[in-house]
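Here is the structure we will look at.
What follows is calculated from the coordinates using simple rules that are stated; it is not laboratory data. Just so it is clear, the model here is predicted, and its values are computed rather than measured.
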Amino acid sequence: MKSLKDLKSLDLDKVAKAIEADAGQALPGLRESLSEAKAGEFAQTHTPEQIISRRRGRPVGSKQAVTKEAVKIRLDADVLAALRASGDGWQTRINDTLRASLALAGKVTS
């Protein structure tokens with residue numbers, strides 16, 4: 001097994017070519033991953049306290065300048081399907097579209 005000291009002296013391009021030759025194809029992100037490993041940016045250890053403190057949603061302490069308010073809104077099924085089909089972030093895009101429309105009407109500032 002190689003030590004971290006041995007890893008730092010590896011020729012990354014040579015290693016990447018050998019891995020890709022073995023795989024029989026180019027591997028996206030391989031060289032970046034090898035560079036991170038060579039720099040020691042791998043295998044982070046997390047304590048149970050760190051794992052517990054990391055919960056779903058936004059990290060504690062991350063506050064947006066403007067707090068958004070959850071609302072319930074009824075939309076036509078085809079409109080909702082089209083919005084969801086546009087991918088992640090569709091709710092943010094709805095907000096942006098409504099803001100642009102209201103800004104054009106002079107109701108809010110953009």
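If each residue of separation counts as 0.36 nm, what is the full-extension length gain between Ser35 and Ala85 once their alpha-carbon separation is subtracted? Let's see the in-between values first.
Working: separation 50, 0.36 × 50 = 18.00 nm, distance 3.66 nm.
Extra length from Ser35 to Ala85 when fully extended: 14.3 nm.
Taking every pair of alpha-carbon atoms in segment 71-110, give the share separated by more than 13 Å as a whole percent.
Tail of the P(r) past 13 Å holds 60 percent of the pairs.
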